[in-house]
Amino acid sequence: MKSALITAGASGIGAAMAGAFAAAGYRVWVTDVDKGALAASPHRASPHRASLADVRDEGQMQTLTAQIAAEWGSLDVVCANAGIKGPTASIADMPLDGWRDCLAVNLDGAFLTAKHCIPLLRRGSVVLFTSSTAGIYGFPYRSPYAAAKWGVIGLMKTLAMELGPQGIRANAILPGSVNGPRIDRVFADEAAAKGMTPQAIRAGYEAGTALRALADAEDVANMAVFLASSGARMVSGQTITIDGFTINPDPQV
């Protein structure tokens, strides 16, 4: 049975990824910092595993990968998915501690996940990073998030170069706005910063896509399963957007 690790896999996009890989016949190892979400995860029982892990903490990532090595021996898929939205403020008003915390989770976490999972990879394995369309366009009032997600793409491309000779692929999935509680919080914060309503912010984001709609977490998860499949065997070092095609990255309503 193939094996997949999903960081921040107990809710949101990560939970959708875990469900999609399980449905595709994988055993999934879900990590998260949210004890309650982990306890409610359907992937905490055999053949799956669920455990607490903070991707910012190198010691915890070393412990996690040692556990995976002892129990499973190797990984076929690593989904470096953990991330936070970070503060909402102009660059002039951005607090340094908020900047650093956002980069620690989104970029340091992706690095530490990749670093400590490399010994578990084998020919045919795939590392998938969750970046964002903010990583190709920028994101007003969300500078640390955009900077981290740009960094994730550079990390992915470098990893694809380093591991390619070993037959290991790496790609980045770039969701746009994805329906769910997290994007609702983003819209609320942006509305407060711009003096608008959350409904108006949502309408602007929808209007900024060619399909006039936001993605669902399952759309992102389905792409992850495809990128891990033999159908994508020659796809590496790529950024794949799941956004309904962004035609205006900074919609103004």
So the number of lysine pairs in the chain with alpha-carbon atoms under 30 angstrom apart, 8 or more residues apart or on different chains, is 15
Checking rank on 145-154, 79-88, with mean other Cβ inside 10 Å and highest first, the result is 79-88, 145-154
Only helices counted: for the chain, with every DSSP H run of 4 or more residues adding -39500 (n - 2.57) and the sum spread over all residues, [θ] at 222 nm is -13000 deg cm²/dmol
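Equivalent-ellipsoid semi-axes (√(5λ), Cα gyration tensor) for the chain, whole Å, largest first? Walk me through the intermediate numbers first.
Working: eigenvalues 175, 70, 63 Å².
Whole-Å semi-axes of the equivalent ellipsoid: 30, 19, 18.
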Counting only DSSP beta bridges with both partners in the chain, the antiparallel fraction in percent, to the nearest 5, comes to 5
If N is the residue count of region 150-253, its Cα Rg over 2.2 N^0.38 Å rounds to 1.28
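What do you get for Rg/Rh of region 1-151 when both radii come from the Cα atoms and Rh is the Kirkwood radius?
In region 1-151, Rg relative to Rh is 0.99.
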Ranked output for segments 165-171, 42-48 by mean other Cβ atoms within 10 Å, highest leading, reads 165-171, 42-48
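No lab work stands behind these numbers, since they all come straight from the coordinates. Computed from a predicted model, the values in this text were never measured in an experiment. When we count neighbours, we look across all protein chains shown, and the Cβ atoms used for this are built from the backbone with ideal geometry, even at glycine.
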